[in-house]
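Let me begin by presenting the structure, written as C-alpha cells, before commenting on it.
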Amino acid sequence: MASVELFEATALAPAQAGDAAALAFLAFEDFYSIFSRDRSRVLPAVVAQFATDSELNQLVAALDDGHVVGIGAYYSAAEMAARQAMGLRLLLEVAEDPGACVKGVRAFSTNFTPPGDAGAYVSRFAVAESQRGSGVAGLLHAHMESAITRRGWGRIRLHVRRDNARGLAFYRKLGYVPADPSDRGYLLLEKPLG
C-alpha cells in the first residue's frame, strides 16, 4: 500500500477512466446489467461518465503504479436528478433495448430510499479486489470525506446493498447510521459532518 496515491479529480485520463469504470461497474453491476449483460458494451458509457457532469465525474481516486485501484465518487445531493439523467442518457446510448431499460431502471429505483437534497451523496465507492483489506478503503474514504467537508456539506449519505455485510460493517465503523428504516434492497446510510 505504500505506493498508493490519492487525488481529487473532475476528469480522468482515458486509461484511468477505464480502470475506474471497471470498479464502478463491479460496485453497481446489478444496475449496469439492466442496459446489457455484455460488460464490454456498457463499459464505454461508464467511462464517458467520468468526463461529463454525471454521477461519476467528481471523485477521489486511489492510484497504484498508475492504475486506479479505488474510487469515491460524490456530489451535492441537490444535483442528483441532473447527474443521474446525464448518466442515464449515456447508458441508454449503448442499451440493447432502450424502452425495456427505462422500465428496468424505474423498477430498480424502488430499491432505494431517496436521499434528500441536503449534504453530499456518494454515488460509487469501490476498491479493487487486490487492495481489499490493505487499508486503501479507509484512506480513500477519509480523503473523500475531507473533500466533502471543505465544500461545506453537513452530511454524507450513501446506499449499500442490504446483503453486503462487509460494506455495511465498513461504513458502520466509520460512523454511518441507517437514515431510513424502509425495507428496500439498498440501505440508506448517513454520517453527519462537522
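Do we have Ala165 as out of contact with any Leu (no Cβ under 8 Å at 6 or more places or on another chain) and closer than 20 Å to Thr10 by Cα here? Walk me through how you get there before you give the answer.
On the way: out of contact with any Leu (no Cβ under 8 Å at 6 or more places or on another chain): yes; closer than 20 Å to Thr10 by Cα: no.
No.
Would you confirm, using the coordinates I've provided, whether Leu43 is within 26 Å of Asp163 (Cα to Cα) and surrounded by fewer than 17 Cβ atoms within 10 Å (Cβ to Cβ)?
Details: within 26 Å of Asp163 (Cα to Cα): yes; surrounded by fewer than 17 Cβ atoms within 10 Å (Cβ to Cβ): no.
Taking the combined requirement at face value, the residue does not satisfy it.
Without any contact (Cβ under 8 Å) to a residue 40 or more places away in the chain, loosely packed, with under 12 Cβ neighbours inside 10 Å and closer than 21 Å to Leu92 by Cα: does that describe Ser33?
Values: without any contact (Cβ under 8 Å) to a residue 40 or more places away in the chain: yes; loosely packed, with under 12 Cβ neighbours inside 10 Å: no; closer than 21 Å to Leu92 by Cα: yes.
Taking the combined requirement at face value, the residue does not satisfy it.
Return a yes/no flag: does segment 43-59 have any residue that is in a loop (DSSP other than H, G, I, E, B), touching a residue at least 12 places away in the same chain (Cβ under 8 Å) and in contact with an Asp or Glu (Cβ under 6 Å, 6 or more places away or on another chain).
Within segment 43-59, the subset in a loop (DSSP other than H, G, I, E, B) is 50-58.
Filter once more, so that each one left must be touching a residue at least 12 places away in the same chain (Cβ under 8 Å): 50-58.
Restricting the remaining residues to those that are in contact with an Asp or Glu (Cβ under 6 Å, 6 or more places away or on another chain) gives none.
No: zero hits.
Anything in segment 165-184 that is assigned to a loop (DSSP other than H, G, I, E, B), modelled with pLDDT of 95 or more and either of a type in the set (D, E, K, R) or closer than 22 Å to Phe28 by Cα (or both)? List them, or say none. Explain how you work it out, then say what you get.
In the first step, residues of segment 165-184 are kept if they are assigned to a loop (DSSP other than H, G, I, E, B); the result is 174-176, 179-184.
Then keep just the ones that are modelled with pLDDT of 95 or more; that gives 174-176, 179.
Result: Leu174, Tyr176, Ala179.
Out of Ala11, Ala73, Ala118, Ala48, I need the residue that is over 20 Å from Tyr186 (Cα atoms), surrounded by 14 or more Cβ atoms within 10 Å (Cβ to Cβ) and hydrophobic (A, V, I, L, M, F, W, C). Which one? Steps first, please.
Values: Ala11 fails: surrounded by 14 or more Cβ atoms within 10 Å (Cβ to Cβ); Ala73 fails: over 20 Å from Tyr186 (Cα atoms); Ala118 fails: over 20 Å from Tyr186 (Cα atoms).
One residue alone meets the criteria, Ala48.
Please enumerate the residues belonging to segment 121-146 that are touching a residue at least 60 places away in the same chain (Cβ under 8 Å) and either assigned to a strand (DSSP E or B) or closer than 18 Å to Ser54 by Cβ (or both). Please lay out each step first, then the result.
Keep residues of segment 121-146 that are touching a residue at least 60 places away in the same chain (Cβ under 8 Å), which gives 123-128, 130-131, 134-137, 139-141, 143-144.
Those that are touching a residue at least 60 places away in the same chain (Cβ under 8 Å) and either assigned to a strand (DSSP E or B) or closer than 18 Å to Ser54 by Cβ (or both): Ser123, Arg124, Phe125, Ala126, Val127, Met144.
Can you pull out every residue in segment 147-194 that is among the β-branched types (Val, Ile, Thr), in contact with a strand residue (DSSP E or B) (Cβ under 8 Å, 6 or more places away or on another chain) and without any contact (Cβ under 8 Å) to a residue 60 or more places away in the chain? Lay out the reasoning, then the answer.
Residues of segment 147-194 that are among the β-branched types (Val, Ile, Thr), as a first pass: 148-149, 156, 160, 177.
Filter again for in contact with a strand residue (DSSP E or B) (Cβ under 8 Å, 6 or more places away or on another chain), leaving 148, 156, 160, 177.
Correct list: Val160, Val177.
Filter segment 16-30 down to residues that are touching a residue at least 40 places away in the same chain (Cβ under 8 Å), out of contact with any helix residue (DSSP H, G or I) (no Cβ under 7 Å at 6 or more places or on another chain) and not in a loop (DSSP other than H, G, I, E, B), then give me how many there are.
7
Working only within segment 132-151, note down all residues that are more than 18 Å from Ala120 (Cα to Cα) and either buried (at least 20 other Cβ atoms within 10 Å of the Cβ) or hydroxyl-bearing (Ser, Thr, Tyr) (or both).
Once the filter is applied, which keeps residues that are more than 18 Å from Ala120 (Cα to Cα) and either buried (at least 20 other Cβ atoms within 10 Å of the Cβ) or hydroxyl-bearing (Ser, Thr, Tyr) (or both), segment 132-151 yields Ser134, Val136, Ala137.
The values are calculated or read from the model by the stated rules, or taken from the named source; none is laboratory data. The structure presented is a predicted model; accordingly, all values stated were derived computationally and were not measured. Note: ideal-geometry Cβ built from the backbone for every residue, glycine included; neighbour counts use all protein chains shown.
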